[in-house]
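Please read the structure below before turning to the comments.
The values are calculated or read from the model by the stated rules, or taken from the named source; none is laboratory data. All figures in this text were calculated on a predicted structure; none of them were measured in a lab. Here Cβ is always computed from backbone atoms with ideal geometry, including for glycine, and neighbour counts include all displayed protein chains. Accessible surface is based on the protein model in full, side chains and every heavy atom, while ligands, DNA and RNA are left aside. Shrake-Rupley method; radii C 1.70, N 1.55, O 1.52, S 1.80 Å.
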Amino acid sequence: MPLALLALAVGAFGIGTTEFVMMGLLPEVADDLHISIPTAGHLVSAYALGVVIGAPLLAAVTARMSRRTVLIGLMALFIAGNALSAFAPDNGWLLAARFLSGLPHGAFFGVGAVVATTMVAPERKARSVSLMFLGLTVANVAGVPVATLMGQHLGWRATFLGVSAIGLAAIAALALLIPRDHSHAAPAAGLRGELAALRSLPVWLALGTTVAGFGALFAAYSYITPMLTDSAGYADSSVTLLLALFGVGATAGNLLGGRLADHSLRGTLLGGLVSLVAVLALFPLLMATTWSAALAVILLGTAAFVTGSPLQLMVMEKASAAPSLASSANQAAFNLANAGGAWIGGLALSAGFGTTSPAVAGAGLAVLGLAVAGAAYAVDRRRAPAAGRERVVATHVPQESEALHH
């Protein structure tokens, strides 16, 4: 695999760290800024809102720019947002800085996925995307715990300065390792062509699968701490280690999904969703003992992230004429899944269905994801004969015209 994928993974590592570290720093931020923890929780939402707005917007307006330049510019915006977070004087400024930090997130992964697939042979495309996403999953294993400890011992502002340093390292890696053939204007379709890609039903079905599939993950993962402490009987101090196990499972699932998807893209996606349904449906049983609860956390990460690179590649293939916007929109869909899944899991919890009910609600969302993926498969099968007939006509009509001419 090209060394340039390492540059994309470094950027993904920084983005993954800043996305998830705020959840572990809420008490420190709330205490320092003299706000409540629920108010501080809006900082998580501000970042997600930045991702949802920034992903399609930045991908669209940079459609005719060099992808290498776009990636470096997005990382510069990422650094600015995190540096401003470190020096924010109050909650209002910090909210704005977190929103700014989220803006480049989706576009970086979207454009980065396009660049990654152009640097490898066609049979290795999914693997290249999974290697870029490796930075995101490793962030959950190492980046977030280390950044959280840094914030607890040196202050939360030091965490965001540290993340800014990761961004600087990513810019250096991108400048050195991304091939020069990405330094000229990318063969993109421009803003109009990129927007036209979103008119395709298969693209929307792929995005819908992302929302439902990863919504299933976040319905359970958003409430994993009370499941582990109240149902499985773990002490609060053990939760950080268990969340690192989730990162291990996610890393394994991401690499496995990339490798399998290069052999069967749709088969890997459907298999991952079926596995996710099974894991989430078994959560009430698995959370009954400490050892099975730890296993459940690993399996959840593995089953969910097996589908990551197949979904990203499927969206890109359905919008092959203008993949950057659709690829970035998939990252916006991922963050909508984050918010929507947490909301649905919270409804199950508030209704009094029990501590593990968010996981069961997640299983229902995963079933919905399977249904949407099945609908996408049916649409593809229905369109395939029509596409074949169009190719036949395109091949034979000129021959007939030539015969008439002679």
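Residue by residue through the stretch 130-141, what is 3J(HN,Hα) from phi via Karplus (6.51 cos²θ - 1.76 cosθ + 1.60, θ = phi - 60°)? Round to whole Hz and write x for glycine and proline.
For the stretch 130-141, the Karplus curve yields 5, 5, 5, 5, 4, x, 5, 6, 5, 4, 6, 7 Hz.
Using the Cα centre of the chain as origin and beta-carbon charges of +1 (Lys, Arg) and -1 (Asp, Glu), tell me which of M65, T290, L368 is placed farthest towards the positive end of the dipole.
The residue sitting farthest along the positive end of the dipole is M65.
Positive end of the dipole of the chain, charges at C-beta (+1 Lys, Arg; -1 Asp, Glu), about the Cα centre: which of S130, L100, L245 has its Cα farthest in that direction?
S130
Can you tell me what the convex hull of the Cα atoms of the stretch 244-325 projects to on average, as an area in nm²?
The number I arrive at for the stretch 244-325 is 5.9 nm².
Using only the alpha-carbon atoms, how far is helix 201-221 inclined from the longest principal axis of the chain? Give it as 0 to 90 degrees, nearest 10.
20 degrees
Determine the share of the chain's accessible area contributed by carbon and sulfur atoms, expressed in whole percent, with a 1.4 angstrom probe. Show your work: numbers first, answer last.
On the way: 11590 of 16780 Å².
So the carbon and sulfur contribution to the accessible surface is 69 percent.
Given charges of +1 on the Cβ of Lys and Arg and -1 on the Cβ of Asp and Glu, with all other atoms neutral, how large is the dipole of the chain about its Cα centre, in debye to the nearest 20? Before the final figure, lay out the partial values.
Numbers: 19 positive and 16 negative charges, 201 e Å.
Around 960 debye, computed over the chain.
For a test of the definition: using alpha carbon positions, the gyration tensor, and the 1.5 limit on a/c, classify the stretch 1-70 as rounded, prolate or oblate.
Note, shape of the stretch 1-70 comes out oblate.
Taking springs between alpha-carbon atoms closer than 10 angstrom, which of I53, I224, I35 fluctuates most in the Gaussian network model of the chain?
Greatest mean-square fluctuation among the candidates belongs to I35.
Leaving out ligands and nucleic acids, and using a 1.4 Å probe, what accessible area per residue does the stretch 93-169 come to in Å²?
34 Å²
With an 8 Å Cα cut-off and a minimum separation of 6 or more residues, compute the relative contact order for the chain in percent.
24 percent.
Pairing the Cα long axis of helix 239-261 with the longest principal axis of the chain, what angle in degrees results, from 0 to 90 and rounded to the nearest 10?
10 degrees
Let me check the size of the stretch 321-379 from its C-alpha atoms; what are the radius of gyration and Dmax in Å?
14.7, 48
Distance between the C-alpha centers of the stretch 137-170 and the stretch 65-108? Whole Å please.
A separation of 15 Å, based on Cα centres.
Of the listed values (i) 20.5, 69; (ii) 25.7, 89; (iii) 21.9, 87, grab the one calculated as Rg and Dmax of the Cα atoms in Å from the structure here.
For Rg and Dmax of the Cα atoms in Å, the calculated option is (iii).
Mean-square fluctuation check for the chain, GNM, Cα pairs under 10 Å: which of G340, G352, G215 is largest?
G352
Please report Rg (one decimal) and Dmax (integer) in Å for the Cα set of the stretch 74-118.
12.7, 44
Hey, in the GNM for the chain with a 10 angstrom Cα cutoff, which one of P56, P89, P145 fluctuates hardest?
P89
Of L6, N335, V277, which is farthest towards the positive pole of the chain's charge dipole, taken about the Cα centre with +1 and -1 on the beta-carbons of Lys, Arg and Asp, Glu respectively?
Farthest along the dipole direction, towards plus: L6.
Whole angstrom only: what separates the Cα centroid of the stretch 1-40 from the Cα centroid of the stretch 225-252?
A separation of 18 Å, based on Cα centres.
What number in nm² do you get for the stretch 48-108 if you take the convex hull of its Cα atoms and divide its surface by four? The partial results should precede the final answer.
Numbers: hull surface 14.8 nm².
Its average projected convex-hull area is 3.7 nm².
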